[in-house]
Amino acid sequence: MKQPNLKKLGVIGGMGPLATAHFFRRIVECTEAAADQEHLDIIIFNHARIPDRTEAILSKKHEPYLSLITKDAKELEKLGVENIAIPCNTSHYFYKEIQESVAIPVINMVRESLAYATQVRKAKIVGLLATDGTVRSGIYHRPAEELGLSLVTPAPESQKKVMRIIYDYVKGGKPGGREELLEVISELKREGAEVVILGCTELSCLNLDLPEYCVDALEVLVKRSIEVSGGRYRGTL
């Protein structure tokens, strides 16, 4: 019998598709359930043709992206979901507009990840691995300041490595990228970061054996998505 009080989850995905697939798999793997009927009901929009988020932010051409993602949120609301998750950090630049477009909660992956870093890991200095769009627009910087956290980002050459890993290796389907990413993580640690957040869901797809001081923002979103939907998280963070 289906567990009582489980809420239907909506997911706006496709940013990118592999990250969305990984997110769904992790929700299934990390939900405490003894039968199919004890898992969450989930509606996923794999909107792969939505415009690139970093390009939308840096070019200041917001409207094409905003019109599509807010339409997705409204469609999910019409379909009866009670919470929405967006497994894409960069898209949270538009969080306010997305949340205001619907009457149901949109889980804020950025704030949840920073809150986890400071409240659970007790960090004061946090390193960030993310796209240029996320780093330059301050998506993590503003909430970090509100939480009293200092944010450390990669040096310019190292940030180029991060972008190459995201766009060439993960999105482009090329093998590799793991060792380069671990090098950048080590650099942030040397710069004083007590916790390093993987702030791009594409990086989660590399399935790295991460150092214990790393926090995967996608895994934080998995945990919160399960919990706000009334389920129990059985993964590890």
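Only the coordinates and a few stated rules stand behind these numbers; no lab work does. Every value quoted in this text rests on a predicted model; they were computed, and no experiment measured them. Virtual Cβ from ideal backbone geometry, glycine too; neighbours counted across all protein chains shown.
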Looking only at the stretch 56-78, decide whether some residue is touching a strand residue (DSSP E or B) at 6+ places or on another chain (Cβ under 9 Å) and assigned to a loop (DSSP other than H, G, I, E, B). no
Going through the stretch 1-37 in order, the residues found to be in contact (Cβ under 8 Å) with a residue 60 or more places away in the chain and part of a helix (DSSP H, G or I) are 18, 19, 20, 22, 23, 26, 27, 29, 30
Checklist (1) under 14 Å from residue 221 (Cβ atoms); (2) without any contact (Cβ under 8 Å) to a residue 40 or more places away in the chain applied to residue 101, failing item: (1)
Being part of a helix (DSSP H, G or I), in contact with a Phe, Trp or Tyr (Cβ under 7 Å, 6 or more places away or on another chain), among the acidic types (Asp, Glu) and within 22 Å of residue 26 (Cα to Cα): is that true of residue 202 here? no
Can you name the number of the only condition in (1) surrounded by 15 or more Cβ atoms within 10 Å (Cβ to Cβ); (2) on the phi < 0 side of the Ramachandran plot; (3) under 14 Å from the mean Cα position of the chain (by Cα) that residue 14 fails? (2)
Spot the failing condition for residue 117; the list is (1) in a helix (DSSP H, G or I); (2) surrounded by fewer than 17 Cβ atoms within 10 Å (Cβ to Cβ); (3) in contact (Cβ under 8 Å) with a residue 24 or more places away in the chain, and only one is missed. (2)
Are any of the residues in the stretch 172-190 touching a Lys or Arg at 6+ places or on another chain (Cβ under 9 Å), among the acidic types (Asp, Glu) and within 28 Å of residue 58 (Cβ to Cβ)? yes
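Which residues, counting only those in the stretch 213-237, are over 23 Å from residue 148 (Cβ atoms) and either outside any helix (DSSP H, G or I) or acidic (Asp, Glu) (or both)? Don't jump to the end; show me each part of the working.
If we filter the stretch 213-237 for residues that are over 23 Å from residue 148 (Cβ atoms), which is where we start, we get 218-219, 222, 225-236.
Once the filter is applied, which keeps residues that are over 23 Å from residue 148 (Cβ atoms) and either outside any helix (DSSP H, G or I) or acidic (Asp, Glu) (or both), the stretch 213-237 yields 219, 227, 229, 230, 231, 232, 233, 234, 235, 236.
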